[in-house]
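Okay, so here's the structure we're looking at.
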Amino acid sequence: MIKQIMPLSLIVGLRFFGLFIVLPVLSIYALEMEGATPFLAGLVVGGYALTQAAFQVPFGMMSDKFGRRHILFFGLIIFIIGSVVAALSDNIYMLLIGRFLQGAGAIGSVVSAMIADLVKEEQRAHAMAIMGGTIAMSFAAAMIIAPIVGGNWGIDKLFWLTAILSVLAIGILFTSVPKPPHIVHSYSEEESKFFDVFKDKALTRMYITFLFHSSIMTMAFFIIPLVMTQTLDEGGFGWEKAELWKVYFPAMIFGFLAMAPAAIFGEKYGKGKEIFMISVAVIFLGFLAMGFATTPWVFVVGVVLFFIGFNMFEPLLQSFVAKFAKVHQKGAALGVANTFAYTGIFLGGILAGWLMQHYDRTTLALVVAVISVVWFIWVATMPSPNNRGNVYLSLDIFDRERVAALTDHEAIVESYVNETEHIAVVKYDKDLIDEDEVRGMLS
């Protein structure tokens, strides 16, 4: 599995590194540009998410229809162009165009769908955790490198680095990424329409969770560098840009350490919903600490708490969407999920910019606290993400037509054939039936 997943994880890690590396210092940089206001700076921070939201579903659906590899290549090219435009920017509006173009390279759902293609569902949490761990490491590296490079040589160099790493990602795509298996299913064209991905209530619940998760993330990354570098008279702590790694490094270490227990308890022990609820509570506490801190070290504790809560979600979000989605709609469902995520990033950036322009960080923290309470209730009332299982049946033993007929049973969610591995896969509802009963229906 490692050989299958690592090349894709490296691609998504390099791309996210390119997005992450500007986040720790972007709000400061944007405010220094010609024509800038706090609102426009917030739009720069979250602006790439607007085009990400617009293109996630089209990219996901195109990958379902035309193949993942070609769509990945196309998205990386657009991302490179956007990075170059951002690097050459000399005013706030050109920087906005560059960020919008970066977002238009919307490959997140395609990579997640390709991983879902390559591994069995029982291994998918592990695979997504590997991808999440790669993203977390790129995140950690970006948090440390960005303040040093941006503070000493200019933030435009960060965008150039992003473009170069994306070229490297294209090389990995065509030299190391394996070909996905050939899947055969019986879903009609009518059943494959876009709005079919909203019929599953569990999927819809996950989409909204993506929205909450990403919007709060953007608000955090908007205020962290601002508060730490603003003067004491402005309500900040007067740190230099190059010192911001001292904030992000411990936060990333604790956040990274939180991922493994979250993945284990969320998948192996079926406690995904409980992990989500704990994560929201920790994020709530983190923002209150950041909003009301009177010393830099209390603020840093708030940042650490935020990163712990945020990272606990990472190994589970994509996995649960892929688990709920049917075989013919994984790309589309992950596209919708990522659309909600990037819509949240966009809205979070705008809201943070507006609140900081008209109020202060305490008001922002209180707004996030209210959102967190609503989010906690939303998660508490969602169905368990672990109530579906899979049976893998060799086509040398089981007849594919009898397997396909199982879908008439209320406990069977779907069945399909993996021609590459010559197996049939039956997904069932664990609350209604178990694996032995599924096999018994065929014997």
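The values are calculated or read from the model by the stated rules, or taken from the named source; none is laboratory data. The shown structure was predicted, so the numbers you read here are calculated from the model rather than taken from an experiment. Quick reminder, even Gly has a Cβ in these numbers, built from the backbone with ideal geometry, and neighbours come from all protein chains shown. Surface accessibility is based on the protein's heavy atoms, side chains included, excluding ligands, DNA and RNA. Shrake-Rupley method; radii C 1.70, N 1.55, O 1.52, S 1.80 Å.
Checked against the criterion of being assigned to a helix (DSSP H, G or I), more than 16 Å from the chain's Cα centre (by Cα) and crowded, with 22+ Cβ neighbours inside 10 Å, the candidates Phe320, Phe284, Phe310 yield just one match: Phe284. Comparison of Phe212, Phe222, Phe276, Phe249 shows that the only residue that is in a helix (DSSP H, G or I), surrounded by fewer than 22 Cβ atoms within 10 Å (Cβ to Cβ) and not basic (Lys, Arg) is Phe249.
Criterion first (in contact (Cβ under 8 Å) with a residue 24 or more places away in the chain and in a helix (DSSP H, G or I)) does Leu305 satisfy it?
Values: in contact (Cβ under 8 Å) with a residue 24 or more places away in the chain: no; in a helix (DSSP H, G or I): yes.
Considered against the rule, which asks whether it is in contact (Cβ under 8 Å) with a residue 24 or more places away in the chain and in a helix (DSSP H, G or I), Leu305 comes out as no.
Within the range 225-234, the set of residues being open to solvent by 30 Å² or more (accessible area, probe 1.4 Å) and of a type outside the set (Val, Ile, Thr) comprises Gln230, Leu232, Asp233, Glu234.
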